[in-house]
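I have placed the structure first, in the form of C-alpha cells, so that the comments after it can refer back to it.
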Amino acid sequence: MVIYLSLDLEQNIQYVKGVGPAKALLLNKLGIYTLKDLMEYYPRVYEDRTKLKSISEFLNGEQVLFTAVVSAPIHVQRIRKNLSIYTTLVSDDTGVCKMTWYNQTYLKTKLIEGEKYLFYGKADLKHGRPNIESAQIYNLEDLPKIQGIYPIYPLTAGITQNYLFKLENLVYDSNILIEDIFSNEFRKKYELAEINYAMRNVHFPSSFNAINVARNRIIFEELFLFQIALMSIKNSGIGVKKTTVFKDVDVTPFLKLLPFELTNAQKNVVEEIKHDLSSDKVMNRLVQGDVGSGKTMVAALAMYMAVKNGYQASMMAPTTILANQHFDELSKYFEKLGINTAIITSSTTKKTKKEIVDKLKNNEINILIGTHSLIEDDIEFNNLGLVITDEQHRFGVKQRMKLSSKGQTVETLVMTATPIPRTLAIILYGDLDISIIDEMPPGRSPVITAVRDESSEDKINNFLKSQINEGRQIYIVCPLVEENEELDLNSVQTLFEKYKNDTFKEYSVEFLHGKMKNKEKDEIMQRFKENKINILISTTVIEVGISIPNATVMVIENADRFGLAALHQLRGRVGRGKYQSYCILKSSNRSVNARERLKIMEKSNSGFDIAQKDLELRGPGDFFGIRQSGMPEFKLANLLTDATILKKSQEAAKELVTKDKNLELEENKKIKEALFKKFGEQLTNIAT
C-alpha cells in the first residue's frame, strides 16, 4: 500500500526553505508561485555529465565534469567600470587548466587555494594549455547529485541553474508522493509510467531512456486533460433541443449594396454558415482569414440571415475603436435595408445605454455591436439568435458563452485574423467547426517588406519623410513601453522623445501603448484616422485596430523580438487603401536563425504560410505568445513535436468520455478532480 505524504502543494513558494520574499518575486517571473509550480517547472534540455574526466582527457569544445585543486591565487584584472576578469589555475595528477570568470566577485572567498572542488564547463584547447571560461563550481560532496544527466532549466535574471537545481532537490529529497490520477489498468493500457516515477525522472533522470518515459507520461496527461475539456465544451449543446429555426434567406438585396463582389472563399464560408443555421445542431463556427480577406462581410451576411428569420444578432469586438469601425461600416448597409443597428461600448453614456437596452428588450433594435460591455448583466435581448465575436483569441471561452447565454440556443460565429495552421486550429478550437478564407479580394497590392539593420537608419528616415510629404502616414511599433536597462531595445517613450524633438520635429508625432486609458487611446487613433498625426509610435496594441487606408508604412523596431505571426498581424495594419504600402523590419540581431525568420516575411504575404513556418521554427509554446492568444499553457507538451502522444491522448479521451460522459465511475474520480482543478468553470458538460 502506498502512503501519500500530507503536504500542501499550494504552499506559497516564498515559504519554501531557501527562498524568501526577494527570490519569490524572481521565481514568480518564471511562473513559479507555489510548491506545485516548482515541481512542474520542467527542464528545457539535459547535459550529459555521466563521466568524470581528468584534465589530460579534455577534448576541444567538449563539456567536461572534473575535480581539481586550486593551485594558484585568484588574480583580478579590472578592465573597466563594469568588467572584471578573475583567473586562477587548477590541477589534478594529469595536468593544469586555466580558469576564467567575468564579474564574479564572490570567487575571492568561494575558491580557496589548496582546496579541491568539482567543476563543469566547456574546454578550450586552442592555445596549448586547457582553458575553461565561466565554469560552474560545486563542493565535492555535491558529486552524487551533479554526476549523471543534469537538467537545464529556463532562467530569469537573478535565478541560476544551481539555485533551481538545489530547490528541486530540496523538494524531491523530502520524498513527496503525488496520487496518480490514472488507475493501474489505464496506465498499462496506454503504456504510461507511474506519476512519481515520471516526476522524479524528468528532474533527476537515471538514464536518457528514463527521460523519454517520464516526459511521455507527463505530456500524455497534459494533452489528455485538455482533450476532455475541449470535448466538454464542444458537446455542451448535445441533448439540448435547438430552439432557433432558420429558413433559407435570399441575400441578394444585401449583396447589391456592396461595391464589390464576394470572393469564392467568402461565398464558400457563407454556404457553410447557411448549412449550419438550417441544421438541427447549434452553430459553433470559427472563421479564419488574413487581415483584409473579408471576414466582416461574411459576418454581416450571417446577421442579415438572422434578422430576416426574426432574430436579433450581436457582434462583440475587443476594442472600442474596432467596435466603432464595425458599426460605421455595417450600419450604412443595414440602414438601407430597414435593419436597426446600435452600439454599446465603455464610452456609451448611461442615458444612451438605457435607451438602447429598452429598445433591445422591445425588439426595436435588430443588431447590437459592442465590446466586453455586451456581456454585462443589464444587457437583455428580446430574441437573440446569433452571436459573433471578432478576434476570437482576445476573448476566453467563458466570455463567448456568457454572451450566447443571453438567448436560448444561440448560433455562434467567431472570427480571427490570426492565421493558425489547420491542424493546430483543430486542437486549439476543438469546440468549433472551422472555415478558412484563404483568398484576398482582387486589387489588393501585397505589402512590400524589407529587413534592415541600423546601418540603414538614415535611408529609412528619409523614406518615411518622403511618404509623409506625399500625404501618407506611418506606424512605428516597439516591443517595450519604457526603456529596459537589461534589454537593448527601442522603447515607445524613448523613440517618441527622439522623433518628436529631433528626427521628425517638423511633423506631428504621437505615441500609444496598452497602459493608457481606453478613452485616451481611442482619441489618439481617431486623430490618426483623421490624418492629424503623421507618425504613430506604438506597442502591439495597434495589432487589432482601426483600418487607416492612408497609413502606408509600418516600421517594426527590434523585429526579431516578435513571432512571425505577430509580425504578419502588424503588417496587416497597412495596405488597406489604394496606395502601395511597405513594412520595414528593423533588427540588429546577427544570428542566422533570426535573419532567416525575418527573411520569410520578405518572401511571403500569406498569413497561413507564415503561421506554419512560425510553428515549425518556434514551436507552439511561443506561437503568438501564449497569454495573448488564449493558447493552452502546457508545461511540457509541444503540439508540433508531440503529435504522436497527442493522437494517443485524443483516442484515450474519446474512449473514456464515450464510456463515462460525466466521469462518474470510481476509477475516473481522480481524473475528474484534476480536470476541474485545471479548467474549472470552462467545463460545461461534465456535472460537478
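Every residue in the stretch 173-213 that is closer than 20 Å to L35 by Cα, within 31 Å of the chain's Cα centre (by Cα) and in a helix (DSSP H, G or I), please.
Within the stretch 173-213, I195, N196, Y197, A198, M199, R200, N201, V202, H203 meet the criteria.
Can you report the number of residues in the stretch 345-394 which are at positive phi and surrounded by fewer than 13 Cβ atoms within 10 Å (Cβ to Cβ)?
0
If you take the residues of the stretch 168-187 that are among the hydrophobic types (A, V, I, L, M, F, W, C) and modelled with pLDDT of 90 or more, which of them is farthest from L111 (Cα to Cα)? Before you say what the answer is, go through the steps one by one.
Residues of the stretch 168-187 among the hydrophobic types (A, V, I, L, M, F, W, C): 170-171, 176-178, 181-182, 186.
With modelled with pLDDT of 90 or more added as a condition, the list becomes 181-182, 186.
Working: I181: 47, F182: 49, F186: 52 Å.
Filtering the stretch 168-187 for residues that are among the hydrophobic types (A, V, I, L, M, F, W, C) and modelled with pLDDT of 90 or more, the one farthest from L111 (Cα to Cα) comes out as F186.
Restricting attention to the stretch 43-65, which residues are touching a Phe, Trp or Tyr at 6+ places or on another chain (Cβ under 6 Å) and not in a loop (DSSP other than H, G, I, E, B)?
First, pick out the residues of the stretch 43-65 that are touching a Phe, Trp or Tyr at 6+ places or on another chain (Cβ under 6 Å): 43, 47, 49, 53, 64-65.
E47, R49, V64, L65 - these are the residues of the stretch 43-65 that are touching a Phe, Trp or Tyr at 6+ places or on another chain (Cβ under 6 Å) and not in a loop (DSSP other than H, G, I, E, B).
Here are some conditions: (1) more than 12 Å from V477 (Cα to Cα); (2) modelled with pLDDT under 85. F562 meets all but one. Which one does it not meet?
Among (1) more than 12 Å from V477 (Cα to Cα); (2) modelled with pLDDT under 85, the lone unmet condition for F562 is (1).
Return a yes/no flag: does the stretch 309-318 have any residue that is touching a strand residue (DSSP E or B) at 6+ places or on another chain (Cβ under 9 Å) and either over 30 Å from S232 (Cβ atoms) or assigned by TED's automatic domain parsing to the domain that holds M525 (or both). Steps first, answer last, please.
To start, the set of residues in the stretch 309-318 that are touching a strand residue (DSSP E or B) at 6+ places or on another chain (Cβ under 9 Å) comprises 309-318.
Now restrict to residues that are either over 30 Å from S232 (Cβ atoms) or assigned by TED's automatic domain parsing to the domain that holds M525 (or both): 310.
Checked against the condition, which is being touching a strand residue (DSSP E or B) at 6+ places or on another chain (Cβ under 9 Å) and either over 30 Å from S232 (Cβ atoms) or assigned by TED's automatic domain parsing to the domain that holds M525 (or both), the stretch 309-318 yields at least one hit.
Residues checked against (1) under 30 Å from D438 (Cα atoms); (2) modelled with pLDDT under 95; (3) assigned by TED's automatic domain parsing to the domain that holds L384:
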position: A193; (1), (2), (3): no, no, no
position: S206; (1), (2), (3): no, yes, no
position: N216; (1), (2), (3): no, no, no
position: E222; (1), (2), (3): no, yes, no
position: L225; (1), (2), (3): no, yes, no
position: M231; (1), (2), (3): yes, yes, no
position: L258; (1), (2), (3): yes, yes, yes
position: N264; (1), (2), (3): yes, yes, yes
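Mind counting the residues in the stretch 19-33 that are touching a residue at least 12 places away in the same chain (Cβ under 8 Å) and either closer than 16 Å to V171 by Cα or hydrophobic (A, V, I, L, M, F, W, C) (or both)?
Qualifying residue count for the region: 7.
Look through E133, E141 and report the one residue that is under 43 Å from the mean Cα position of the chain (by Cα), at pLDDT 90 or above and surrounded by fewer than 11 Cβ atoms within 10 Å (Cβ to Cβ).
On the way: E133 fails: surrounded by fewer than 11 Cβ atoms within 10 Å (Cβ to Cβ).
So the residue among E133, E141 that is under 43 Å from the mean Cα position of the chain (by Cα), at pLDDT 90 or above and surrounded by fewer than 11 Cβ atoms within 10 Å (Cβ to Cβ) is E141.
Within the stretch 38-59, identify whether any single residue is without any contact (Cβ under 8 Å) to a residue 24 or more places away in the chain, surrounded by fewer than 14 Cβ atoms within 10 Å (Cβ to Cβ) and under 21 Å from L140 (Cα atoms), and answer yes or no.
yes
Tell me the helices (runs of 4 or more DSSP H) entirely within the stretch 257-376 that contain at least 1 residues that are within 28 Å of T243 (Cα to Cα) and among the β-branched types (V, I, T). Spell out how you get there, then give the answer.
Values: elements: 264-278, 295-308, 320-336, 350-361.
Those helices (runs of 4 or more DSSP H) span 264-278, 295-308, 350-361.
For residues that are outside any helix (DSSP H, G or I) and surrounded by fewer than 17 Cβ atoms within 10 Å (Cβ to Cβ), scanning just the stretch 609-637, find the one that is modelled with the highest pLDDT.
If we filter the stretch 609-637 for residues that are outside any helix (DSSP H, G or I), which is where we start, we get 619, 623-625, 630-637.
Adding the requirement that they be surrounded by fewer than 17 Cβ atoms within 10 Å (Cβ to Cβ) leaves 619, 625, 633, 635.
Numbers: G619: 51, G625: 33, E633: 65, K635: 86.
Ranking the candidates gives K635 first.
Checking S84 against (1) at pLDDT below 95; (2) closer than 18 Å to N139 by Cα; (3) surrounded by 10 or more Cβ atoms within 10 Å (Cβ to Cβ), which test does it fail?
Failing condition for S84: (2).
Inside the stretch 450-472, can you point out the residues that are among the hydroxyl-bearing types (S, T, Y) and at pLDDT 95 or above?
Restricting attention to the stretch 450-472, the residues satisfying the condition of being among the hydroxyl-bearing types (S, T, Y) are 455-456, 466.
Matches in the stretch 450-472: S466 only.
Taking the stretch 135-161 as the region of interest, how many residues are hydroxyl-bearing (S, T, Y) and part of a strand (DSSP E or B)?
Number of matching residues: 2.
Can you find a residue in the stretch 312-326 that is closer than 28 Å to L230 by Cα, in contact with a His (Cβ under 8 Å, 6 or more places away or on another chain) and modelled with pLDDT of 90 or more?
Among the residues of the stretch 312-326, at least one is closer than 28 Å to L230 by Cα, in contact with a His (Cβ under 8 Å, 6 or more places away or on another chain) and modelled with pLDDT of 90 or more, which makes the answer yes.
Looking at V269, V251, V282, V287, which is the one that is touching a helix residue (DSSP H, G or I) at 6+ places or on another chain (Cβ under 8 Å), surrounded by fewer than 19 Cβ atoms within 10 Å (Cβ to Cβ) and among the aliphatic types (A, V, I, L, M)? Break it down stepwise before answering.
On the way: V269 fails: surrounded by fewer than 19 Cβ atoms within 10 Å (Cβ to Cβ); V282 fails: surrounded by fewer than 19 Cβ atoms within 10 Å (Cβ to Cβ); V287 fails: surrounded by fewer than 19 Cβ atoms within 10 Å (Cβ to Cβ).
None of the others qualify; the one that does is V251.
Which residues, taken from the stretch 8-30, are surrounded by 12 or more Cβ atoms within 10 Å (Cβ to Cβ), in contact with a Ser or Thr (Cβ under 7 Å, 6 or more places away or on another chain) and under 19 Å from I176 (Cα atoms)?
If the condition is that a residue be surrounded by 12 or more Cβ atoms within 10 Å (Cβ to Cβ), in contact with a Ser or Thr (Cβ under 7 Å, 6 or more places away or on another chain) and under 19 Å from I176 (Cα atoms), then L9, Q11, N12, I13 are the ones that fit.
For (1) among the hydroxyl-bearing types (S, T, Y); (2) modelled with pLDDT of 90 or more; (3) closer than 23 Å to N162 by Cα, each residue gets a yes or a no:
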position	(1), (2), (3)
N28	no, yes, yes
G31	no, no, yes
A72	no, yes, no
R80	no, no, no
C97	no, yes, yes
T105	yes, no, yes
K108	no, no, yes
A123	no, yes, yes
G128	no, no, no
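Within the stretch 157-194, work out how many residues are in contact with a helix residue (DSSP H, G or I) (Cβ under 9 Å, 6 or more places away or on another chain) and exposed (fewer than 12 other Cβ atoms within 10 Å of the Cβ).
4
Check I600, I542, I548 and return the single one that is modelled with pLDDT of 85 or more and surrounded by 20 or more Cβ atoms within 10 Å (Cβ to Cβ). Step through it out loud before you land on a result.
Values: I600 fails: surrounded by 20 or more Cβ atoms within 10 Å (Cβ to Cβ); I542 fails: modelled with pLDDT of 85 or more.
Answer to the selection: I548.
Taking the stretch 103-118, which residues are assigned to a strand (DSSP E or B) and either out of contact with any strand residue (DSSP E or B) (no Cβ under 6 Å at 6 or more places or on another chain) or of a type in the set (A, V, I, L, M) (or both)?
If we filter the stretch 103-118 for residues that are assigned to a strand (DSSP E or B), which is where we start, we get 116-118.
Scanning the stretch 103-118 gives a single hit, L118.
The values are calculated or read from the model by the stated rules, or taken from the named source; none is laboratory data. All values reported here derive from a predicted model rather than from experimental measurement. Cβ atoms come from the backbone with ideal geometry, glycine included; neighbour counts cover every protein chain shown.
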